[in-house]
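Here, each number is a calculation from the coordinates, and none is a lab measurement. Bear in mind the structure is a predicted one, so any value in this text is a computation, not a measurement. Cβ placement follows ideal geometry from the backbone for every residue including glycine, while neighbour counts extend to all protein chains displayed.
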Amino acid sequence: MTALSASNRTTAEWKKIDSAHHLHPFTDFKGLTDEGGARLIVRAEGPYLYDSEGTKILDGMAGLWCVNVGYGRKELAEAAYAQMQELPYYNTFFKTTTMPATELARQLVELTPEGLNHAFFAGSGSEANDTVIRMVRRYWALEGQPQRQVIIGRRNGYHGSTLAALSLGGMSAMHTQSGILPGFAHIEPPHWFQLGYHEDPDAFGVKAAGWLEDKIQEVGPDSVAAFIAEPIQGAGGLVYPPATYWAEIQRVCHKYGILLIVDEVICGFGRTGNWFGSQTFDIKPDLMPLAKGMSSGYQPIAAVMVGDRVADTLISKGGEFFHGYTYSGHPVACAVALENIRILRDEGIVDRVRTDTGPYFQKRLRELADHPIVGEVRGIGMIAGIELIRDKARHEFFDDVGKVGTIARDHSFANGLIMRAVYDTLVLSPPLILTHDHIDELVEKVRLVLDKTAHDTGVTG
Ligand code: PMP
């Protein structure tokens, strides 16, 4: 077997072929070609990526918020290899299972908050959220309330790219492009810096949770099935909830008897310093979609953790649930996820994020809050957002939202750091294995990016 990297194609040739034949996700197809094509990543080790020209890049995004244990973990490759030799594939339909799928379900039940005692497997976060929608509607139908169809999500919430998942999410550009399925409604996220800056954060948290109650009243309490949110809104701009938010959200859900879905696709598997964001914010979900960090991205795999309230109904009254994917419980993906969980646990990675590297990362990043172009630094553990602002004293944002974020993102790439921009918020979600030295290196790069961006935009403070 010869690795493709051993081929003697030049970078230019790879780029040309890619531009000719490959349509990339979330990409302006023509724009990418006009800019000279895609960057070619050829290998990675620890928190570093290497492109085809030998440039070393610090991955401040852990791929797409997923490579929690970092790159180059041979144990994960070995787990895949061993499983592929023994049993490369079998499905979990038709009264069949495999050892990796069964064992992974058991371990996920052990790791997740109390009361989530069943796992349904999928291949991606989007598929997990489609599963969630089908389970929620099935639950209410079995409970004799089939009219409860509406699931309330949040503006800028992201739950995936399938038609159902994008309807659940609140990304207006996606809604405009594809339309949105019936049965979904959205409220504002608890974005204190943008929506509540002049208010006490705790009071604002209660107010923002109140928007859920307002929406339930507007839709009609008997029509609402569930509420979905990420513990910390990720792809929609790193919205960190005020301390009062989640308790109040849970109070409202209980009051109206609606199901609470907590999308842990980003926050799961140690990102916030606990195994799950639900533990960090003391949330008790009825349904919990997982993906990304579950295998540290080494294999595509996702799951929906199902709480007893829903599981009891689906199991005792449901009959056959007409839903599933060819790769639900894929044995190789499950074997890799099991090994990934072992690494996170046995190497104390989650604990270290909570007690050591997470607090250090947050402290160092907050030193940047004094920078003239920085409005706010927010986050916990190994997830953070840096919101850029035109005039700090007057709390004035940039007019052309997203433009300055893109300038900063481009400076970041040019200086060997992958950092993402969501509108004008810079987002970091690095591998959980960063050392203090890595964090120092990352923060210095971010400072340089901020200086260059301030210079380009004329922000002097
Ligand atoms: N939920 C959340 C919170 C996500 O961030 C994402 C992906 N960024 C998804 C769901 C969708 O996952 P996938 O891309 O694996 O379908």
Open item on the list: Under 19 Å from a point placed 7 Å out from the Cα of residue 223 along the Cα-to-Cβ direction: which residues of region 177-199 have their backbone N that close?
Closed with: 180-188
Open item on the list: In the chain, if the dipole is taken from +1 on Lys/Arg beta carbons and -1 on Asp/Glu beta carbons about the Cα centre, which of 141, 10, 300 is farthest to the positive end?
Closed with: 141
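Placing unit charges on C-beta atoms (Lys and Arg positive, Asp and Glu negative, everything else neutral), compute the dipole magnitude of region 75-346 about its Cα centre in debye, rounded to 20. Walk me through the intermediate numbers first.
On the way: 19 positive and 28 negative charges, 98 e Å.
It works out to roughly 480 debye.
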TODO: For residue 90 paired with residue 27, estimate the spin-label separation in nm (one decimal), with each label point 7 Å from Cα along the Cα-to-Cβ line.
DONE: 3.9
Open item on the list: Need one number: nm distance between label points at residue 114 and residue 367, each 7 Å from Cα along Cα→Cβ, rounded to one decimal.
Closed with: 4.2
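What does the helix-only formula give at 222 nm for the chain: each DSSP H stretch with n ≥ 4 adding -39500 (n - 2.57), the total divided by the residues, and the result rounded to the nearest 500 deg cm²/dmol? List each step's numbers first, then the result.
Working: 18 runs with 190 residues, N = 461.
Dividing the helical sum by the residues of the chain leaves -12500 deg cm²/dmol.
Quick one: dipole size for region 183-320, taken about the Cα centre, charges +1 on Lys/Arg Cβ and -1 on Asp/Glu Cβ, in debye to the nearest 20.
On the way: 9 positive and 17 negative charges, 62 e Å.
It comes to approximately 300 debye.
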Open item on the list: Under a Cβ-only charge scheme (Lys and Arg +1, Asp and Glu -1), can you give me the dipole magnitude of the chain about the Cα centre, in debye to the nearest 20?
Closed with: 560
Open item on the list: Using the Cα centre of the chain as origin and beta-carbon charges of +1 (Lys, Arg) and -1 (Asp, Glu), tell me which of 375, 113, 132 is placed farthest towards the positive end of the dipole.
Closed with: 132
TODO: Counting only C-alpha contacts under 8 Å and six or more residues apart, can you give the relative contact order of the chain as a whole percent?
DONE: 19
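Among residues other than residue 422 whose Cβ falls under 11 Å from its Cβ, what is the net charge (Lys/Arg +1, Asp/Glu -1)? Before the final figure, lay out the partial values.
Working: positive: 409, 420; negative: 387, 424.
It works out to a net charge of 0.
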Task: Nearest-0.05 FRET efficiency for residue 13 and residue 203, computed from C-beta distance (R0 35 Å) - done: 0.05
- [ ] Would you mind computing, in nm to one decimal, how far apart the modelled labels at residue 312 and residue 173 are, each placed 7 Å from Cα along Cα→Cβ?
- [x] 4.5
TODO: Sequence neighbours fewer than 8 away in the same chain don't count; with that in mind, list the lysines whose C-alpha is under 23 Å from residue 16.
DONE: 30, 56
Task: Kirkwood estimate for region 314-461, i.e. one over the average of 1/r between Cα atoms, Å - done: 17.7
- [ ] State, as an integer percentage, the relative contact order of region 75-346 based on alpha-carbon contacts under 8 Å between residues 6 or more apart.
- [x] 29
Task: Calculated FRET efficiency for the pair residue 323/residue 163, C-beta based, R₀ 22 Å, to 0.05 - done: 0.90
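Hey, what's the Kirkwood Rh for the chain if you take every pair of different alpha carbons, in angstrom?
23.1
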Open item on the list: Checking the cross-link filter: which lysines have an alpha carbon closer than 17 Å to that of residue 403, excluding same-chain neighbours under 8 positions apart?
Closed with: 452
Open item on the list: On the Cα set of region 75-346, report Rg and Dmax in Å, please.
Closed with: 18.4, 61
TODO: Mind checking which lysines have their Cα closer than 26 Å to the Cα of residue 255? Skip sequence neighbours fewer than 8 apart in that chain.
DONE: 207, 215, 284, 317
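Where in region 235-327 are there GluC sites (Glu not before Pro) that are in a DSSP coil and have at most 11 other Cβ atoms within 10 angstrom of their Cβ?
Counting only loop positions with at most 11 other Cβ atoms within 10 Å, the GluC sites (Glu not before Pro) in region 235-327 are 320.
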